[in-house]
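The values are calculated or read from the model by the stated rules, or taken from the named source; none is laboratory data. Computed from a predicted structure; not experimentally measured. Methodologically, a virtual Cβ is constructed for each residue, glycine included, from the backbone with ideal geometry; neighbour enumeration extends over all protein chains shown. All accessible areas refer to the heavy atoms of the entire protein, side chains included, with ligands and DNA or RNA removed. Shrake-Rupley method; radii C 1.70, N 1.55, O 1.52, S 1.80 Å.
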Amino acid sequence: MAEKTKILFLCTGNSCRSQMAEGWARHLRGDRIDAYSAGIEKHGLNPLAVRVMAESGVDISSQKSKTIDELPVQKFDYVITLCSHANETCPYFPGRKIHKGFDDPPKLAEDARSEAEKLAPFRRVRDEIRKFIESLPESLGTPE
């Protein structure tokens with residue numbers, strides 16, 4: 001059996017986008033991807049991210065918000081940054097760094113006037129991340 005591709009999904013606070021990406025990768029590609037997520041900072045797991053992922057049958061409620069230093073692994077085949085701040089401030093990791101930016105659902109939901117308006121950006125970004133994860137690891141090419 002081939003070794004799984006180790007991927008770190010990196011975001012600013014490891015509260016939403018990177019957590020969704022880790023959850024999708026484990027759910028959809030767990031046989032081929034060893035997925036991790038972290039943040040440049042630690043902001044706590046966003047309950048709306050947990051909720052919209054559960055709507056799609058993926059339970060991320062036991063995942064924890066963590067910084068890079070708290071990861072059990074420090075060597076990855078790929079580090080995928082999901083926001084521009086993480087892309088610009090990502091420390092060096094052996095392996096290949098790729099940027100795939102997604103909108104920030106909590107930021108988009110700040111001025112929402114209803115629960116439906118608040119959940120809409122979370123659902124949209126959840127679905128965009130799923131589509132991206134479905135292309136992995138093949139779409140990444142060969143690690144360096």
Query raised in the report: In region 18-144, how many lysine pairs have Cα atoms under 24 Å apart, counting only pairs 8 or more places apart or on different chains?
Result: 25
Query raised in the report: Of the residues Ala109, Ala38, Ala49, which exhibits the maximal mean-square fluctuation in a Gaussian network model of the chain defined by a 10 Å Cα contact cut-off?
Result: Ala109
Requested in this report: Have a look at Leu10, Gly30, Leu82 and report the one farthest towards the positive end of the charge dipole of region 1-99, computed about the Cα centre with Cβ charges (Lys/Arg +1, Asp/Glu -1).
Outcome: Gly30
Requested in this report: Given the peptides 66-73, 79-86, 30-37, arrange them by the average over their residues of other C-beta atoms within 10 Å, most packed first.
Outcome: 79-86, 30-37, 66-73
Query raised in the report: If Cys90, Cys11 are ordered by their accessible area, calculated over protein heavy atoms with a 1.4 Å probe, which sequence runs from highest to lowest?
Result: Cys90, Cys11
Query - Candidate residues Ser56, Ser18: accessible-area rank, largest first, probe 1.4 Å - result: Ser56, Ser18
